[in-house]
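Below: one structure, written as structure tokens.
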Amino acid sequence: MFHYTTNDGALGIIGSGQIFATHYKYLNDSLELKIAESLISPLLEQGFKSAYDELSAAGELKGFAEDNNIDIFQQQAEFLIRKSFDAGDYLSPVFLASFCEHDPGSLQWDHGLLSQWRGYGSQGGCALEFDVDLFQEKLNAEEKAHPYSPIAIGNVIYDDHSTCIDEVKIQDIAKLFVRRLRAKSHGIDISDLPGLDDLHDALFLIGPKLKHKSFMEEKEVRIIAAPALNPRGKKIYDKPEKKIEYRMKNGVPVPYIKLFDHGGELPIVRIIVGPQREQSNVVQALRLILRSRKTEIEVVASAISFIP
């Protein structure tokens, strides 16, 4: 499992033992969580239509929602999704950290992925290889140190996205919403709506794993970290709340969290220094820095002949 970063980022990770996870809205994929939303919305619409059809057949629509039409179903689906996003972003915002999987013995395993090296341009970059089992132990320790809702790691899925969403569960949420609304014509509080957790999970746990197939060569693995935040004026978690930091990028504050801030080194086993004009000097510097830290990490130079 490899994490690509700038030379400066690699030094920061080595020195701090931390990896930054960035809020999903500030990443470089315009479809972050949108694929899941595009799958969930029509399922909710189907659930609403089914519920209204049942009420209509029973003669129970009079005075409630007689103008049964597709615009209403779409509006209600958008309402539920918007409320789920609002609640998630307020109480358990999602942050993501990305890695790539490379097959042992492959060109990418030995020298890194060319598209990643191109992305770092003249800054130069490194790929940090991690021991997967020991990394999972670090992730378990992170979960014990801070409240999360939840924190997990998983492979990104690039096709057959519809199979990742439980259609029945999503449609049932819409049906139950209509029944609740029918019983309370003045409106309902959806925060205690049964099944709402299923909608949240589909958007925030499954959603970050769904990416367009154009990214397939990356074979991405993601940490999905949703720190559980105490509501304003309340304290419901015993463990210390995860602090949300920010860094400036092109004049915009970008929220992020520091993973593994409870201490200890990360299980880095190898560093590939990407193609760059000062590649040999970067390799030498990293070896000296690691030797001074009494850290046994192999440092190698990528042989890909790309000069940024």
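None of the figures in this text is laboratory data; all of them are computed from the coordinates on show. Note that the structure is a prediction, hence the values are computed from the model and not measured. Cβ atoms come from the backbone with ideal geometry, glycine included; neighbour counts cover every protein chain shown.
Rounded to the nearest 20 debye, the dipole magnitude of the chain is 1080 debye, with +1 charges on Lys and Arg beta carbons, -1 on Asp and Glu beta carbons, and the Cα centre as origin.
Working from Cα pairs under 8 Å separated by at least six residues, relative contact order for the chain is 32 percent.
Ranked by Cβ crowding within 10 angstrom, fewest neighbours first, how are Trp117, Trp109 ordered? Let's see the in-between values first.
Values: Trp117 23, Trp109 17.
Listed from fewest to most nearby Cβ atoms, that is Trp109, Trp117.
What the pair-distance distribution of the stretch 161-308 shows, using all Cα-Cα distances binned every 10 Å from zero, is 8, 18, 26, 25, 13, 7, 4, 0 percent.
Less than 5 angstrom separates the built amide H of Val254 from those of Arg247, Met248, Lys249, all sequence-distant by 5 or more or on a different chain.
Grab the DSSP H runs of the chain that are 4 residues or longer, score each as -39,500 (n - 2.57), total them, divide by all residues and round the 222 nm result to the nearest 500 deg cm²/dmol. Walk me through the numbers before you get to the answer.
On the way: 9 runs with 119 residues, N = 308.
It comes out at -12500 deg cm²/dmol, rounded to the nearest 500.
Contact order for the stretch 1-116, expressed relative to its length and based on alpha carbon pairs under 8 Å spaced 6+ residues apart, stands at 46 percent. Put simply, the C-alpha atoms of the stretch 90-190 give a gyration tensor, and the ellipsoid matching it has half-axes of 42, 19, 15 Å, longest first.
In sequence order, the stretch 81-89 has phi-based couplings of 5, 4, 5, 5, 5, 4, 5, x, 5 Hz under the Karplus curve 6.51 cos²θ - 1.76 cosθ + 1.60, θ = phi - 60°, and Gly or Pro positions carry x.
Averaging Cα coordinates gives a centre for the stretch 118-157 and one for the stretch 199-278; these two points are 8 Å apart.
Here the Karplus relation 6.51 cos²θ - 1.76 cosθ + 1.60, evaluated at θ = phi - 60°, turns the backbone of the stretch 103-114 into coupling constants of 6, x, x, 7, 4, 5, 4, 7, 10, x, 9, 4 Hz, with x for every Gly and Pro. From most to least packed by mean Cβ count within 10 Å, the peptides 222-229, 287-294, 50-57 give 222-229, 50-57, 287-294. The phi-based Karplus calculation (6.51 cos²θ - 1.76 cosθ + 1.60; θ = phi - 60°) puts the 3J(HN,Hα) values of the stretch 202-217 at 5, 7, 9, 9, 7, x, x, 8, 9, 10, 5, 5, 5, 8, 4, 4 Hz, whole numbers, x for Gly and Pro. Distance check, please: which entries in Lys34/Lys239; Lys138/Lys258; Lys144/Lys243 exceed 24 angstrom between their Cα atoms? Checking Cα-Cα distances, Lys34/Lys239 exceed 24 Å. Enclosing the Cα atoms of the stretch 1-142 in their convex hull gives a volume equal to 186 cubic angstrom per residue. Compactness ratio for the chain: Cα radius of gyration over 2.2 N^0.38 Å (N = residue count) comes to 1.20.
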